[in-house]
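First comes the structure, then the notes that go with it.
Read the figures in this text as sums done on the coordinates, not as results from a lab. Computed from a predicted model, the values in this text were never measured in an experiment. Note that we place each Cβ from the backbone using ideal geometry, even for glycine, and neighbour counts take in every protein chain shown.
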Amino acid sequence: MKRGARIVASLRPSACSRSSAQRFLGYPEVVNASRSPDVIGLCAPTHKARLAGLFYLLIFIMAPSGASTATPANLAITLTCDVAVAWLLYDVLRPVSRTLSMLAALFRIFFVIIMASTALSYFGYLHGLADSRSAARFDLGYAIALAPFAVHCVLIGLLIMRSIFLPRVLGMLVLIAGLAYLIFDGGNRRGSQKMRRAPIDQSRRQAAT
């Protein structure tokens with residue numbers, strides 16, 4: 001009887017049964033939605049999470065800190081990596097919440113769009129190939145782009161904390177980083193706007209006198 005029960009149990013499809021290709025990609029072949037979220041978490045695509053980490057490392061190495069270090073090459077590389085990270089994190093965290101994962105990816109794409117338009121303007125590609133080179137305008141665009149990036153970090157942090165296949169401490173750190181971006185980015189935008197308005201205000205005062 002015991003031997004027969006073991007044979008029957010071995011024939012039952014597991015919640016994380018996978019083919020060889022799916023096992024290589026880290027995907028479950030069939031995940032029963034009626035099972036607990038813990039089972040879904042155990043079947044998470046860890047290979048794609050590691051690939052997203054590699055892209056993040058490349059962003060950390062190549063990303064400019066402002067107009068002084070921005071070049072067409074490093075911006076093209078980092079923004080391409082940002083798009084890849086947005087898609088990979090959506091795919092990895094989709095079992096936790098498809099809606100929040102999609103929303104987080106969209107905010108990252110908004111960041112990429114704002115930074116791409118800022119870079120094109122800064123290097124002159126939006127003005128008849130004339131090099132504008134306005135560092136203050138680039139830094140302001142960079143500060144504006146950090147707002148959707150901060151929301152992306154907050155959402156990703158919440159998703160990681162809700163999952164069981166990624167460290168909760170990592171989610172807390174990403175969440176704190178997103179909140180810090182939101183707080184300090186607002187101050188940087190106000191400072192940049194004041195610096196841009198300062199010459200205009202000075203000229204107005206001189207004209208009034």
### Mean separation of Cα contacts under 8 Å (6+ apart) over length of segment 67-127, as relative contact order %
35
### Efficiency of FRET from Cβ geometry, Thr80 and Met102, R₀ 30 Å, rounded to 0.05
0.90
### Query
By counting other Cβ atoms within 10 Å of each Cβ, how are Arg133, Arg94 ranked from fewest to most?
Arg133, Arg94
### Task
Rank the residues His47, His152 as a footprinting-exposure proxy: fewest other Cβ atoms within 10 Å of their Cβ go first.
His47, His152
### Query
When ranked by the protection proxy of mean other Cβ atoms within 10 Å per residue, highest first, what sequence do the peptides 174-183, 154-163 form?
154-163, 174-183
### Task
Sort the following peptides by mean Cβ neighbour count (other Cβ atoms within 10 Å, averaged over residues), highest first: 68-75, 107-114.
107-114, 68-75
